[in-house]
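Q: This is the structure, below, for whatever I ask next.
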Amino acid sequence: MESSMLQGLIYPPTPIVTIMSAITLAFLGSNGIAEMRGKQLQYSKFWNVGPRKSTFKVSGRTGMFMAYSPAFLFGLASFFLFPNGGFRFMLVKSALTIHFFKRTLEVLFVHKYSGSMFVDVATMISLSYFTQTALMIYAQHLTRGLQEPLVDLTYVGIAIFLAGLSGNFYHHCLLSRLRSEGNKDYKIPKGGLFNLVICPHYLFEILGFVGVSCIAQTLHAFSFTIGSAVVLMGRSYGTRKWYLSKFEDFPKGVKAVIPFVF
């Protein structure tokens with residue numbers, strides 16, 4: 001029964017897509033669990049956490065630009081690499097390209113950075129986003145000729161993606177207003193969903209990937225979304241612990257990423 005329901009929601013996975021999905025879920029899931037255990041990637045407020053073998057750093061803005069721009073460029077290139085594929089494929093390529101284009105623009109014009117970033121961390125994040133973007137698009141390419149899912153989630157996915165995109169941008173803007181350029185002091189975020197969770201931007205980023213998965217309806221897209229959700233939940237858990245340790249007046253009722261729950 002569960003298998004038939006799943007088949008009604010996704011394209012029949014080919015062996016290569018199944019392998020890609022399993023590796024993606026295992027890799028991202030393990031990273032999320034590591035973040036929850038306190039092994040945060042060393043960027044932003046966590047840039048000086050723990051010992052380092054590498055000491056080569058760049059500015060936070062440069063590091064995050066390195067992290068997001070390759071995935072955006074591959075999204076653009078995918079329109080030339082895979083010019084055909086139909087309406088759904090075009091939407092998947094567009095959604096991923098728009099997502100990373102937005103993130104790149106935010107790095108350049110919205111975010112304010114308080115420190116440096118290790119080059120190896122920026123490179124690792126960049127390779128992860130680039131690889132997963134390429135694999136999602138390739139998995140969609142492999143659906144050509146396969147039976148369409150019985151339930152079409154395309155337009156539901158568009159709505160969820162746009163909601164996630166807008167909510168993520170709005171809360172990034174709220175974060176950027178917390179301090180002026182050059183000010184390295186952290187403050188407790190206020191406004192929007194910050195009164196309920198410390199990382200609403202992660203919540204909306206997860207929603208954005210849920211939207212992409214609903215548009216794509218491939219096993220790999222859903223695996224990437226689940227894995228990314230685990231990573232972002234782990235990161236938000238670490239962020240909440242950081243705020244609790246730095247601010248005595250941090251509201252205990254403010255959760256990590258899911259209002260009233262986690």
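Q: Would you please give the residues with an amide H less than 5 Å from that of Ala256, counting only those at least 5 places away or on a separate chain, with H modeled from the backbone geometry?
A: Ile198, Phe262
Q: Accessible area per residue of the chain at 1.4 Å probe, in Å²?
A: 49 Å²
Q: Towards the positive end of the charge dipole of the range 101-199, with charges on Cβ (+1 Lys, Arg; -1 Asp, Glu), say which of Val107, Met136, Gly164 has the farthest Cα.
A: Of the options given, the answer is Val107.
Q: Which whole-Hz couplings ³J(HN,Hα) result when phi for each residue of the range 196-205 is put into the Karplus expression 6.51 cos²θ - 1.76 cosθ + 1.60, θ = phi - 60°, listed in order with x for Gly and Pro?
A: 10, 9, 7, 10, x, 5, 6, 4, 6, 5
Q: For Cα extents along the principal axes in Å, which listed value, [x] 44, 43, 31; [y] 46, 42, 36; [z] 56, 39, 31, comes from the coordinates shown?
A: [z]
Q: Take the residue pairs Lys187/Lys255; Lys190/Lys246; Lys187/Lys241; Lys112/Lys241; Lys39/Lys246; Lys93/Lys190 and return only those whose Cα atoms are more than 25 Å apart.
A: Lys93/Lys190
Q: Now a separate question. Please name whichever of Ser236, Val58, Val17 sits farthest to the positive end of the charge dipole of the chain, dipole taken about the Cα centre and charges placed at Cβ: Lys and Arg +1, Asp and Glu -1.
A: The residue sitting farthest along the positive end of the dipole is Val58.
Q: Taking 0.36 nm per residue of separation and subtracting the Cα-Cα distance, what length does fully extending Ile19 through Lys190 add?
A: So the extension gain works out to 57.3 nm.
Q: In addition: Tilt of helix 219-246 relative to the longest C-alpha principal axis of the chain, in degrees (0 to 90, nearest 10)?
A: Taking Cα atoms only, the helix is inclined about 10 degrees.
Q: I've got another one for you. By a straight-distance test (C-alpha under 14 Å), which aspartates and glutamates pair with Lys57 as possible cross-link partners, with residues fewer than eight away in the same chain excluded?
A: Asp120
Q: Something else now. What whole-number distance in Å separates the alpha-carbon centres of the range 119-136 and the range 197-229?
A: 16 Å
Q: Tell me, what ³J(HN,Hα) does each residue in the range 102-115 have, in order and in whole Hz, if you take phi through Karplus 6.51 cos²θ - 1.76 cosθ + 1.60 with θ = phi - 60° and put x for Gly and Pro?
A: Once θ is set to phi - 60°, the couplings for the range 102-115 become 4, 4, 5, 5, 5, 4, 7, 10, 10, 5, 10, 10, 9, x Hz.
The values are calculated or read from the model by the stated rules, or taken from the named source; none is laboratory data. Remember, it's a predicted structure, so these values are computed and weren't measured experimentally. A quick note on method: Cβ atoms are made from the backbone with ideal geometry, for glycine too, and the neighbour counts reach across all protein chains shown. Surface areas here come from the heavy atoms of the whole protein model, side chains and all, with no ligands, DNA or RNA. Shrake-Rupley method; radii C 1.70, N 1.55, O 1.52, S 1.80 Å.
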